[in-house]
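In what follows, a structure is listed as structure tokens, so that the remarks can point back to it.
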Amino acid sequence: MQITQNTVASIEYTLKDNEGQVLDTSEGREPLTYLHGSGNLVPGLESALEGNGEGDSVSVTVEPAEGFGERDENLIQQVPKTAFEGVDSIEAGMRFQASDENGQGRIVTVTEVADDQVTVDANHPLAGVPLNFDVNVVEVRAASEEEIEHGHAHTGDEEDH
Ligand code: ZN
């Protein structure tokens, strides 16, 4: 069976940046099982996997536009330290849930802490980064109607939802 719309594929993958540093990998855990064609993977990886079958290996470089997007310098902002009320000590690298002007939830990363100002970056940590994927297709099966309805794969150990 080949990976097409409404199939569920299990993949082993390693993701590296252009310097060869491993950013993410399924090594040491269960393969990633996902519903194909529902935007559960970054678009560039989904289209590279389309048409592959069990046992196939795929190596692809996904540019930021087809990955986690380009970096947007407007998403870097200075906020007063008082906005972090209740947080004992703010350090670079910490992540917080924030909402933008449209009420959309966003993860922001603290990049710099000054005396009374904190610089936060709301870009995805992998925005602007070319993504080098090495993927092995472990299994491909048809999706159940419930999976298609939910827009994601069921692996059998999810919470009741
Ligand atoms: Zn579900």
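No lab work stands behind these numbers, since they all come straight from the coordinates. Note that the structure is a prediction, hence the values are computed from the model and not measured. Counting neighbours? That spans all protein chains shown, and the Cβs are built from the backbone with ideal geometry, glycine included.
Look at the alpha carbon pairs under 8 Å that are at least 6 residues apart: their mean separation over the length of the chain gives a relative contact order of 34 percent.
Tell me whether the range 1-69 comes out rounded, prolate or oblate; compute the Cα gyration tensor, take square roots of the eigenvalues as a ≥ b ≥ c, and use a/c under 1.5 as the rounded threshold. Oblate. Its Cα centre serving as origin, the chain has a Cβ charge dipole (Lys and Arg +1, Asp and Glu -1) of approximately 260 debye. Note on the chain: helix-only mean residue ellipticity at 222 nm, from DSSP H runs of 4+ residues weighted -39500 (n - 2.57) and normalised by residue number, equals -2000 deg cm²/dmol. The simple Förster model, with R0 at 35 Å and r as the Cβ-Cβ distance, assigns Val87 and Asp17 a FRET efficiency of 0.70.
If only the Cβ of Lys and Arg carry +1 and only the Cβ of Asp and Glu carry -1, the dipole of the range 76-161 around its Cα centre is close to 440 debye.
Rounded to 0.05, the FRET efficiency of the Ser59 and Ala127 pair, given R0 = 25 Å and the Cβ-Cβ distance, is 0.65.
Based on the Kirkwood radius over alpha-carbon pairs, what is the Stokes-Einstein translational diffusion coefficient of the range 37-86 at 37 °C with 0.692 mPa s viscosity, in µm²/s? Using the Kirkwood radius from Cα pairs, D works out to 231 µm²/s. Placing unit charges on each Cβ (+1 for Lys and Arg, -1 for Asp and Glu) gives the range 74-139 a dipole about its Cα centre, and among Ile90, Val135, Ile76 the Cα reaching farthest toward its positive end belongs to Val135. Length gained on full extension, His150 to Asp24: 42.8 nm, using 0.36 nm per residue less the C-alpha separation. Each residue of the range 129-144 is assigned a 3J(HN,Hα), and the resulting list reads 9, x, 10, 9, 9, 10, 10, 10, 7, 8, 7, 9, 9, 5, 7, 7 Hz, derived from the Karplus form 6.51 cos²θ - 1.76 cosθ + 1.60 (θ = phi - 60°), x at Gly and Pro.
Classification of the chain by its C-alpha gyration tensor yields a prolate form. The axis ratio a/c (a ≥ b ≥ c) is 1.5 or more, and a/b outweighs b/c.
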